[in-house]
Amino acid sequence: MKVFEELDEDKDGLLIKEEVLKGFQKYNLVNELTEQNGIDEIINRIDRNKNGSIDYSGNIELREKLISYE
């Protein structure tokens, strides 16, 4: 939860694409996943209500996907 809160710059409880990208950069995860289409694809797969953002439960799913890409 701490990382999610840290990345959630506006503290609205959601991570938007720009916040996710900054997180990738901050934690040195810059690779093919950080390309525009890669981030969009990840968010689309995790975004259950299709609002273009990730809530905390989606964040757990995001971490699992990142681990599977390593």
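Brief remarks on what is shown
- Residue pairs meeting the criteria (Cβ under 7 Å; at least 6 apart or on separate chains; first in contact (Cβ under 8 Å) with a residue 12 or more places away in the chain and within 12 Å of Ser53 (Cα to Cα), in region 1-20; second open to solvent by 80 Å² or more (accessible area, probe 1.4 Å) and not in a helix (DSSP H, G or I)): Glu19/Glu9
- Within region 5-19, the set of residues being in a helix (DSSP H, G or I) and either open to solvent by 70 Å² or more (accessible area, probe 1.4 Å) or in contact with a Cys (Cβ under 8 Å, 6 or more places away or on another chain) (or both) comprises Glu5, Glu6, Glu18.
- Tally, over region 44-64, of residues that are in a helix (DSSP H, G or I), modelled with pLDDT of 80 or more and open to solvent by less than 50 Å² (accessible area, probe 1.4 Å): 1
- For region 20-37, a residue qualifies if it is modelled with pLDDT under 80, more than 11 Å from the chain's Cα centre (by Cα) and assigned to a helix (DSSP H, G or I), and the qualifying residues are Glu32, Gln36, Asn37.
The values are calculated or read from the model by the stated rules, or taken from the named source; none is laboratory data. Source: prediction; values computed, not measured. For neighbour counting, all protein chains shown are included, and Cβ atoms are generated from backbone atoms with ideal geometry for every residue, glycine included. Areas reflect the complete protein model, heavy atoms only, side chains present, ligands, DNA and RNA absent. Shrake-Rupley method; radii C 1.70, N 1.55, O 1.52, S 1.80 Å.
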